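All remarks here apply to the structure that follows.
The values are calculated or read from the model by the stated rules, or taken from the named source; none is laboratory data. This structure is a prediction, so every number in the text was calculated from the model and none was measured. Note: ideal-geometry Cβ built from the backbone for every residue, glycine included; neighbour counts use all protein chains shown. Keep in mind that these areas ignore ligands, DNA and RNA; they rest on the heavy atoms of the full protein, side chains included. Shrake-Rupley method; radii C 1.70, N 1.55, O 1.52, S 1.80 Å.
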Amino acid sequence: MAQRDAVIFVNTRRTTLEAQACFFAANRIGLDVVLLADKPIPLPPGVAAEVVLADTYDGPAALVAAREVARRRPVAGVVTWGDRDVETVAYLAEGLGLPGNSPAAAAAARNKHTARTLLEKAAPHAIPRFYHVRSPADLAPAAEHVGFPAILKPTGASSSKGIFEVDDAGQLSVAFDRLMHFTRAGVDPIFQYYPQDLILEERLDGTEHSIEGIVVDGRVVSAGVTDKWTAAPFYLEYLQIHPSALPPAALDRACVIADEVVGALGLDCGAIHLEFRHLPDGAVKILEMNARTGGNFITSHLIPLSREYDFLGETLRVTTGAADPRPMPDPTGVVAGSIQVITKETGRFAGFADLGAALTVPGIEHFTYEIPPGTEVRQPPDEFITPILATFIGRALDQPNLIRLLEEAADACWPLVETG
């Protein structure tokens, strides 16, 4: 019997609930999955046809491993679900002759300064003022060009790592020193790409959102918008709702800018996740440009729950050479959301008190730990992942009621963080 086509996954999403949705999506549309990963990853039985261990930070080594897979079975595509492997996937797609973004486009999407430089030429109305910061000598001209208040952040991070709000030159200098330490490759592997490379940009008012889109031949052919909430001063994201409650005119402007971003960066194939601010005057400004699916359960759960649309499956169809994906259907009258439980304490996470009460809130459909009990929790600016303890996912018929039930669930469980 002939083997089914395979798709190579380069690593997975961080939580099991979000990661396994990607594997089930591939199997649902008739693809075998070969997982190319840095280390063994717990998976549901049978969802991966093979697991191949390789250094996915090393493009040539990963390509050798991928070519060995292609000698054993037909490979139709290669994809990743997180920022860190976007450039590796482009390198593999080019090396294997598979659909995908070019390495140059992937690098532009991964580096915030490169992306903004390209957009400054193609769509200057779509980005905030910015300045590249690599040394103490850059601080004064950056502050003069951007002004205050401002945001200082790494050019190649993800998951809100290293976002500092600064109100004056003194705070900028302190944040610069912290980030020069934090963005060394030895501190976090993500900074093997673009270490100690920062950008200062103007802080924008308004509300935060993201565009979840699928690109084919350089065109955004399917897209929706998600509303998001973050907590200053480090902008940890804690609430996502799809579809957006923005007015139609704002949604249209966001979709136009998504096309401009894709064109400016040269993205050709696959998913995009573009974060933006909707300003009080109605303008739309892009904050982040990601050449992969959105996280925080937006594409794995919220879009399927609210719009009955298989975003992951359609992304996989495109990245394995199928025709245009099915367009995202109009809103169904259902809204879906996810809320993260974030602790402000430092210590050892021991689980939750009263979790049962939270899980019985009407409308809650999923719960998952973001970090396992027993994990040592630190706080920003020292660490940006471990304070996020868990996520609840729910549905309702309107956004106000959905926010209420998600907050009720999050408030009902008490994080147990042992600080002694």
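Values computed for the structure shown
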item	result
Isotropically averaged projected area of the stretch 131-239, using the convex hull of Cα atoms (one quarter of hull area), nm²	8.2 nm²
The stretch 147-189 shape via C-alpha gyration tensor axes, a/c threshold 1.5	oblate
At R0 = 41 Å, FRET efficiency that the Cβ-Cβ distance of E308 and D167 yields, to 0.05	0.35
Where a label projected 7 Å from the Cα of A245 along Cα→Cβ would reach, residues of the stretch 398-419 with amide N under 14 Å	398-407
Computed lengthening from R73 to E144, 0.36 nm per intervening residue step minus Cα-Cα distance	19.9 nm
Highest average packing first - 163-175, 83-95, Cβ atoms within 10 Å	83-95, 163-175
Descending semi-axes in Å of the stretch 103-195, equivalent ellipsoid built from Cα gyration tensor	20, 19, 10
Where only alpha carbons of the stretch 76-143 are counted, the Rg and the Dmax (Å)	15.5, 50
The stretch 243-368 - Rg over Rh from alpha carbon coordinates, Kirkwood radius	1.02
Convex hull volume of the stretch 42-160 per residue (C-alpha atoms, cubic angstrom)	159 Å³
At R0 = 30 Å, FRET efficiency that the Cβ-Cβ distance of A323 and L397 yields, to 0.05	0.30
Nearest-10 value in Å² for the accessible area of V221, using the 1.4 Å probe	40 Å²
Cα centroid separation, the stretch 1-32 to the stretch 225-275 (Å)	25 Å
Kirkwood hydrodynamic radius over Cα pairs of the stretch 290-341, then Stokes diffusion coefficient at 10 °C and 1.306 mPa s, in µm²/s	133 µm²/s
Evaluated at q = 0.08, 0.09 Å⁻¹: base-10 log I(q)/I(0), Debye formula over Cα of the chain	-0.42, -0.54
Å² of accessible area per residue within the stretch 82-194, as computed with a 1.4 Å probe and no ligands counted	40 Å²
Cα-based shape type of the stretch 184-298, given that a ≥ b ≥ c are square roots of the gyration tensor eigenvalues and the cut on a/c is 1.5	oblate
Total lysine pairs whose alpha carbons fall under 15 Å of each other in the chain (8 or more apart, or interchain)	7
Cα convex hull of the stretch 313-361 - mean projected area over all directions, nm²	7.3 nm²
Dipole-positive endmost among H278, V361, L198 within the chain (Cβ charges, Cα centre)	L198
Where the stretch 234-273 is the region considered: accessible area per residue in Å², 1.4 Å probe	33 Å²
Net length gained if the chain between D281 and V174 were fully extended (0.36 nm per residue, minus Cα distance)	35.3 nm
Rounded percent of accessible protein surface that carbon and sulfur make up, the chain, 1.4 Å probe	54 percent
Contour minus Cα-Cα distance for E418 and T230 (0.36 nm per residue)	65.1 nm
Sites S135 and V64 - FRET efficiency at Förster radius 56 Å, r taken between beta-carbons, to 0.05	0.90
Per-q log10 I(q)/I(0), the stretch 323-420, q = 0.10, 0.11, 0.24, 0.25 Å⁻¹ (Debye; single scatterer per alpha-carbon; no solvent)	-0.34, -0.40, -1.15, -1.21
